[in-house]
Structure formats: structure tokens, C-alpha cells
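**Student:** Sharing a structure below in C-alpha cells format, with a few things to ask.
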Amino acid sequence: MPQHGNEPWPFDSKRAALLVIDMQSDFVDEGAVMEVAMARQRIPAMRQVIELCRAAGVPVIYTQHVLSDHFDISPLETAYQPRLKAKGMREGSAGTGIVSALAPLPGDVIIKKHRYDAFHNTQLETVLRNIRGAGQVDTVIIIGTVTSICCESTARSAFMRDYKVAFVSDANGGLDEASHNATLDIIGKVFGRVMSSAELAQELQADA
């Protein structure tokens with residue numbers, strides 16, 4: 001395990017891709033079915049990261065968590081979150097849309113998912129393997145919501161696939177400070193590098 005202050009690997013922006021996890025209206029809007037207030041509060045930092053990545057030529061990939069009105073596509077999720085049995089993140093609804101402040105641009109990739117882990121039964125790994133040329137991406141930058149659920153699940157899954165994980169501390173939105181900080185702690189110890197948006201900016205500029 002790396003010692004504190006001794007980074008386990010160097011950051012290379014030319015081999016990175018940005019994952020913007022589930023910044024959808026049903027998570028972000030005030031009063032939304034799965035409202036995460038911290039996600040809304042951290043939109044400015046997330047927007048800064050997205051703009052920095054675009055300026056540095058880092059591809060931007062969005063995920064959308066999508067459920068179905070026709071059948072329960074994620075039954076264990078709705079068992080823990082019963083309100084999702086009736087509404088929220090429904091395919092084709094405005095609630096699944098990425099918030100306008102972080103709107104995708106033409107050429108950005110949008111991955112639909114039905115589980116917390118953005119790699120599970122999605123095209124994400126195929127996209128990452130090829131978006132900068134075959135085998136070029138070896139690092140994922142993770143921002144979005146919920147810190148301790150979809151963001152952490154995706155970070156762990158990336159690590160298991162031998163991707164380096166850059167987890168941006170002030171550009172992830174958690175349910176509360178305790179769970180948010182617990183994720184930052186465990187990611188930084190064994191699953192990735194935790195950095196602030198300012199630290200990420202320095203890394204991106206150093207590679208320019």
C-alpha cells in the first residue's frame with residue numbers, strides 16, 4: 001500500500017477519460033425524487049472539471065441511471081428505495097436528463113446503466129478501450145453523484161479492470177459529509193488517487 005504523500009502512479013492526461021456519473025435532474029433538482037443536495041451544490045466544481053478536460057482534449061463520458069415503467073429492471077435497488085417503484089429515472093422522462101449546467105456536447109458519449117456500477121452490462125469498457133485509440137485510455141477521472149454509491153461502485157469496478165482512478169473530492173456529491181468522506185478515505189487508501197479540482201487542474205496543465 002502506498003505511503004501517505006507518495007503517489008502510487010503518475011497522472012497522464014493523454015491517457016485519461018472523464019466519467020460524469022448520473023448528474024440527472026432526478027438526483028440534482030430541488031425536491032426531486034432522489035435529491036442529493038451536495039450534488040447540486042458542487043455543480044460549479046463539476047463544470048470546471050468538465051471544461052478543463054475538454055480544453056485538455058480529455059474525452060467526456062456521461063452516465064445516465066435509467067429505470068423502466070414496463071417492468072422492474074433493478075428490483076434490489078427498488079427494494080431498498082421503494083419510492084423508485086412508482087417514479088424516478090424513467091426511460092424517456094425529463095428526470096433522466098443531464099442537468100443543463102453540465103449538458104453534454106456533440107461528440108460526448110452517454111452511457112445508460114441500470115446498476116450503480118457504470119461498467120455492469122454497459123458499453124463503457126468498450127468505449128474506454130477505444131475512445132482515444134485502441135488501448136490508450138488507462139485512467140478514469142470520476143465526478144458526479146452519489147459519491148458513496150454509483151461513483152464509488154464505478155471507481156472500484158474501474159480499479160478491478162486495471163484502470164487508474166482519479167477521484168475528484170470536491171466534484172463528487174454525497175448523501176452527507178460522513179459517507180462522502182468515508183468514500184474519499186477508502187478510495188485514497190487502496191482504489192485510486194483522491195485529488196481536488198484544483199489539483200486536477202494542475203495535473204492537466206502540467207501535461208499541456
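The values are calculated or read from the model by the stated rules, or taken from the named source; none is laboratory data. This one's a predicted model, so the numbers in the text were calculated from it and none came from an experiment. Glycine gets a Cβ as well: all are built from the backbone with ideal geometry, and neighbour counts include every protein chain shown. The protein model used for the area step is the full one, side chains on, heavy atoms only, and it has no ligands, DNA or RNA in it. Shrake-Rupley method; radii C 1.70, N 1.55, O 1.52, S 1.80 Å.
**Student:** Can you pull out the residues in the stretch 157-168 that are assigned to a helix (DSSP H, G or I), of a type outside the set (Ser, Thr, Tyr) and surrounded by fewer than 22 Cβ atoms within 10 Å (Cβ to Cβ)?
**Tutor:** Going through the stretch 157-168, the residues assigned to a helix (DSSP H, G or I) turn out to be 157-160.
Keeping just the survivors that are of a type outside the set (Ser, Thr, Tyr) gives 158-160.
Answer for the stretch 157-168, where residues must be assigned to a helix (DSSP H, G or I), of a type outside the set (Ser, Thr, Tyr) and surrounded by fewer than 22 Cβ atoms within 10 Å (Cβ to Cβ): Phe159, Met160.
**Student:** Under 6 Å between Cβ atoms, at least 6 apart or on separate chains: pull out the pairs that start in the stretch 164-182 with a residue that is closer than 12 Å to Gln41 by Cβ and end on any residue that is of a type in the set (Ser, Thr, Tyr).
**Tutor:** Asp170/Ser196; Asp170/Ser197; Ala171/Ser197; Asn172/Thr147; Gly173/Thr145; Gly174/Thr147; Gly174/Ser148; His180/Thr147
**Student:** Confirm whether Tyr116 is open to solvent by 20 Å² or more (accessible area, probe 1.4 Å), in contact with a Cys (Cβ under 6 Å, 6 or more places away or on another chain), within 24 Å of Asp176 (Cβ to Cβ) and of a type outside the set (Val, Ile, Thr).
**Tutor:** Numbers: open to solvent by 20 Å² or more (accessible area, probe 1.4 Å): yes; in contact with a Cys (Cβ under 6 Å, 6 or more places away or on another chain): yes; within 24 Å of Asp176 (Cβ to Cβ): yes; of a type outside the set (Val, Ile, Thr): yes.
For Tyr116, the condition - open to solvent by 20 Å² or more (accessible area, probe 1.4 Å), in contact with a Cys (Cβ under 6 Å, 6 or more places away or on another chain), within 24 Å of Asp176 (Cβ to Cβ) and of a type outside the set (Val, Ile, Thr) - is met.
**Student:** Within the stretch 169-183, is even one residue open to solvent by 30 Å² or more (accessible area, probe 1.4 Å), under 14 Å from Ala16 (Cα atoms) and not in a helix (DSSP H, G or I)?
**Tutor:** No, every residue in the stretch 169-183 fails to be open to solvent by 30 Å² or more (accessible area, probe 1.4 Å), under 14 Å from Ala16 (Cα atoms) and not in a helix (DSSP H, G or I).
**Student:** Checking the condition surrounded by fewer than 24 Cβ atoms within 10 Å (Cβ to Cβ) and assigned to a helix (DSSP H, G or I), which residue from Thr126, Thr122, Thr154 passes? Please lay out each step first, then the result.
**Tutor:** Numbers: Thr122 fails: assigned to a helix (DSSP H, G or I); Thr154 fails: surrounded by fewer than 24 Cβ atoms within 10 Å (Cβ to Cβ).
The match here is Thr126.
**Student:** Let me ask another. How many of the residues in the stretch 56-109 are outside any loop (DSSP other than H, G, I, E, B) and either free of Cβ contacts under 8 Å to residues at least 12 places away in the same chain or on the phi > 0 side of the Ramachandran plot (or both)? Spell out how you get there, then give the answer.
**Tutor:** Residues of the stretch 56-109 outside any loop (DSSP other than H, G, I, E, B): 60-65, 67, 75-80, 82-85, 90, 94-96, 98, 100-102, 109.
Next, from what is left, pick out any that are either free of Cβ contacts under 8 Å to residues at least 12 places away in the same chain or on the phi > 0 side of the Ramachandran plot (or both): 75-76, 78-80, 82, 100.
Adding up the residues that qualify gives 7.
**Student:** Could you figure out which of (1) more than 16 Å from the chain's Cα centre (by Cα); (2) open to solvent by less than 40 Å² (accessible area, probe 1.4 Å); (3) modelled with pLDDT under 95 isn't true of Ser13?
**Tutor:** All conditions pass for Ser13, except number (3).
**Student:** While we're here: For the list (1) modelled with pLDDT of 95 or more; (2) in a helix (DSSP H, G or I); (3) under 30 Å from Asp162 (Cβ atoms); (4) not β-branched (Val, Ile, Thr), I need the number of the one condition that Pro44 fails.
**Tutor:** If we test Pro44 against (1) modelled with pLDDT of 95 or more; (2) in a helix (DSSP H, G or I); (3) under 30 Å from Asp162 (Cβ atoms); (4) not β-branched (Val, Ile, Thr), just (3) comes out false.
**Student:** Restricting to the stretch 60-72, name every residue that is open to solvent by 20 Å² or more (accessible area, probe 1.4 Å) and within 19 Å of Leu124 (Cα to Cα). First the steps, then the outcome.
**Tutor:** Step one: of the stretch 60-72, the residues open to solvent by 20 Å² or more (accessible area, probe 1.4 Å) are 64, 68-72.
Hit for the stretch 60-72 is Gln64, nothing else.
**Student:** Would you point out which residue out of Val194, Val190 is open to solvent by 10 Å² or more (accessible area, probe 1.4 Å), in a helix (DSSP H, G or I), modelled with pLDDT of 95 or more and among the β-branched types (Val, Ile, Thr)?
**Tutor:** Val190
**Student:** Out of Ser169, Ser100, Ser148, I need the residue that is farther than 21 Å from Arg54 by Cβ and of a type in the set (Ser, Thr, Tyr). Which one?
**Tutor:** Sole residue among the options that is farther than 21 Å from Arg54 by Cβ and of a type in the set (Ser, Thr, Tyr): Ser148.
**Student:** Of everything in the stretch 129-139 that's touching a residue at least 12 places away in the same chain (Cβ under 8 Å) and of a type outside the set (A, V, I, L, M), which residue is surrounded by the most Cβ atoms within 10 Å (Cβ to Cβ)?
**Tutor:** Thr139
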